């Protein structure tokens, strides 16, 4: 499990709430699984900083975007599973829209492509 | 003692720096411990030895202080703080009300038991009703309020701590200061109360009780209070009341009490020269009170109907206010002259006047007597000296600004 390029980590940091909500859209996961899921979905290109993953999860929970529940593991210790809420679903949709606009704008500036608006 | 592992040391540092409610700290530490275990296992599977895998897992989480601070900020949001403040006010109100109801019932039962015990003991030891000053009731009621405030302060602190995700130690002083300040402002300068010294002391105990409750709150306590072991406490309080009554009866000299009989005897007892002039002690009196009223914190309004023939035989007719011990109690032993006198001007067979009696701090109960000087030069009573009570009503600031009666 190689460590990520610091520049990528910097880029990913602001998008951590979006990434967390996105991987929780369809199922419940606990913290380590969330980090792995993001890494797997990105093809190993990036993963959220582990130091910011838990503060992000707890912030989203405080904001009502996630709920959490402790469950006993099959073999290991009990885990805290996170589930997206209706408010989290709305926040995810908003984050996605912002990201599309932002990435389009960045592409426009960097590569001369017109922004998708 | 086994050497502490890197993981344990890291998590201990996180816990120390979190400064969140203990239950929440435990959950967070357990969650991070699970994450570290998963990461370490994965790194070992990739070929690292246990020691290096553990160090790498910790390095990925970053400095424990930074991690703890981020987690604390995630929990201690401003939205939660505002919601917690509202919850704290609600908790203080409901818990205070609950404690007030319970405290009143508790005190009522204790007083009944004390009364029964006093009655039973009165055949054995010297104790009578007069040793139980009516101001005790005010004091007891005030203590119930102070108790309710203490419960309210405690509940507010626990609820604010839990809802704002702060440990109780971080919120107890601000809540004690704000709550006691607010209650202090209310009881000192806003709320009109019937006041005597016990009421003043116990009213001041209300903000103090709130502060005490807030400062005594501890992490892990339940916000809702439950009355446990009530009956032993009721009996203890009833016993204390009986004990105090017996001690007071033994050490406090009783004021003279008129036990019935001729009004002339009562006059002698209370230092009126005589009923007069030349009246039948059973009445009717030349001056009769037809109406008497007073307003909260304000003056007394009185109206007297006067027999012109009788009044013609006296001069210097005046209303006298004699400070008494409690409502319907005897004139105070140290009252050597009226607390206040007001000339009574008779116009067309009646007299109306206004007396500013409640402004005297120690004039919580008094006798109203109309007197005049007869031809022999003696001041004689012209009315039935009914005991009339009035109370000092006002704020505590009014109380502290008022003066005592000049009758001593």
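Here are a few things to note about the model shown:
- Subset tally (residues that are out of contact with any strand residue (DSSP E or B) (no Cβ under 8 Å at 6 or more places or on another chain) and farther than 22 Å from residue B:165 by Cα) for the stretch B:11-43: 9
- Answer from B:99, B:37 - the residue that is over 30 Å from residue B:209 (Cβ atoms) and either surrounded by 17 or more Cβ atoms within 10 Å (Cβ to Cβ) or within 11 Å of chain A (Cβ to nearest Cβ) (or both): B:37
- Residue check for residue B:372: over 40 Å from the mean Cα position of the chain (by Cα), modelled with pLDDT of 65 or more and part of a strand (DSSP E or B): yes
- Residue under evaluation residue B:63, criteria (1) in contact (Cβ under 8 Å) with a residue 60 or more places away in the chain; (2) within 11 Å of chain A (Cβ to nearest Cβ), criterion not met: (1)
- Within the stretch A:62-92, the set of residues being closer than 17 Å to residue A:16 by Cβ and either surrounded by 21 or more Cβ atoms within 10 Å (Cβ to Cβ) or more than 8 Å from chain B (Cβ to nearest Cβ) (or both) comprises A:65, A:66, A:68, A:82, A:84, A:88, A:91, A:92.
- The one condition in (1) at the interface with another protein chain (Cβ under 9 Å from one of its Cβ atoms); (2) in contact with a strand residue (DSSP E or B) (Cβ under 9 Å, 6 or more places away or on another chain) that residue A:50 fails to fulfil: (2)
- Of all residues in the stretch A:11-27, those that are touching a strand residue (DSSP E or B) at 6+ places or on another chain (Cβ under 9 Å), assigned to a loop (DSSP other than H, G, I, E, B) and buried (at least 17 other Cβ atoms within 10 Å of the Cβ) total 1.
- Count of residues meeting criterion [without any contact (Cβ under 8 Å) to a residue 12 or more places away in the chain and more than 9 Å from every other protein chain (Cβ to nearest Cβ)] in the stretch B:68-82: 2
The values are calculated or read from the model by the stated rules, or taken from the named source; none is laboratory data. Everything quoted here is computed from the prediction, not taken from an experiment. Using ideal geometry, Cβ is built from the backbone for each residue, glycine included, and neighbour counts are taken over all protein chains shown.
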